[in-house]
Amino acid sequence: MMHHHILTSLKGSLGYYLTTANKNKWLALFDNTAHNDSLLSQVYTELQNNKPRLMPHAQAGTASLPLVVAQLMSRTVTDRPLGHSANGVESLISRQSVKIEIMCKGSDEAEILAVTVLRALQQARGDFLQNGYLYFSVDSIEELAPQEQLVAEELGVFVRRIEVSSQVQEEVARLFEDTTLGTLTLGLEPSGRVSFIDSSS
């Protein structure tokens with residue numbers, strides 16, 4: 001599912017950017033934002049000392065901040081293309097959407113980590129398209145609704161939310177291997193399996 005793919009991608013990206021040797025490349029992600037270098041360096045040190053934890057929504061166990069949570073919001077099958085032969089590998093095309101929530105103890109840290117996640121997803125678009133995704137879009141980065149924000153601030157948590165949508169081509173799993181049974185002149189046995197039509201009868 002898409003949310004697991006996103007978490008795998010972010011694990012690699014954050015591991016790369018939060019390595020000291022790549023700090024300047026991380027700073028380059030913010031070349032068009034209003035953050036100053038001293039604030040960015042301070043947050044960078046905080047993220048290095050306390051690396052963000054990545055997890056799917058509703059995973060059991062305790063988690064400390066900062067936290068990046070990915071939740072699959074919907075998966076709808078839109079098309080079922082034919083396989084590569086009369087009984088080839090069946091595939092389907094689905095539309096999927098994922099909500100990513102970035103949770104931190106400070107507002108600056110939440111904002112900066114959200115931008116890092118956003119840029120990482122934008123950079124990973126080509127990788128997704130090369131691995132079965134027909135469409136991949138980072139749609140929005142938004143604040144929580146007012147009532148959600150009030151609850152979050154009472155808990156000392158600052159949250160940013162990113163929405164991602166995609167179109168994916170997936171192969172359908174087979175429990176057993178099919179065999180080719182005949183030409184396009186087909187008859188159906190009572191079990192529903194294809195068989196030859198006996199032209200002599």
Considering only region 33-47, state which residues are of a type in the set (Gly, Ala, Ser) and closer than 15 Å to residue 17 by Cβ.
-> 41
Would you please list the contacts, defined by Cβ atoms under 7 Å and residues six or more apart or on different chains, that run from a residue in region 111-128 that is closer than 12 Å to residue 66 by Cβ to a residue that is in a loop (DSSP other than H, G, I, E, B) and at pLDDT below 90?
-> 112/35
Of the numbered conditions (1) under 16 Å from residue 121 (Cβ atoms); (2) among the hydrophobic types (A, V, I, L, M, F, W, C); (3) touching a strand residue (DSSP E or B) at 6+ places or on another chain (Cβ under 8 Å); (4) at pLDDT 90 or above, residue 2 satisfies every one except a single condition; which is it?
-> (4)
If you go through region 28-55, how many residues are part of a helix (DSSP H, G or I), under 24 Å from the mean Cα position of the chain (by Cα) and surrounded by fewer than 18 Cβ atoms within 10 Å (Cβ to Cβ)?
-> 3
Of the candidates 98, 77, the one satisfying the condition of being at pLDDT 95 or above, within 30 Å of residue 168 (Cα to Cα) and either crowded, with 16+ Cβ neighbours inside 10 Å or under 20 Å from the mean Cα position of the chain (by Cα) (or both) is 98
Restricting to strands (runs of 3 or more DSSP E) lying wholly in region 101-194: which have 2 or more residues that are at pLDDT 90 or above and either out of contact with any Leu (no Cβ under 8 Å at 6 or more places or on another chain) or of a type outside the set (Ser, Thr, Tyr) (or both)?
-> 133-142, 158-171
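The values are calculated or read from the model by the stated rules, or taken from the named source; none is laboratory data. This structure is a prediction, so every number in the text was calculated from the model and none was measured. Ideal geometry is used to build each Cβ from the backbone, glycine not excepted, and the neighbour counts take in all protein chains shown.
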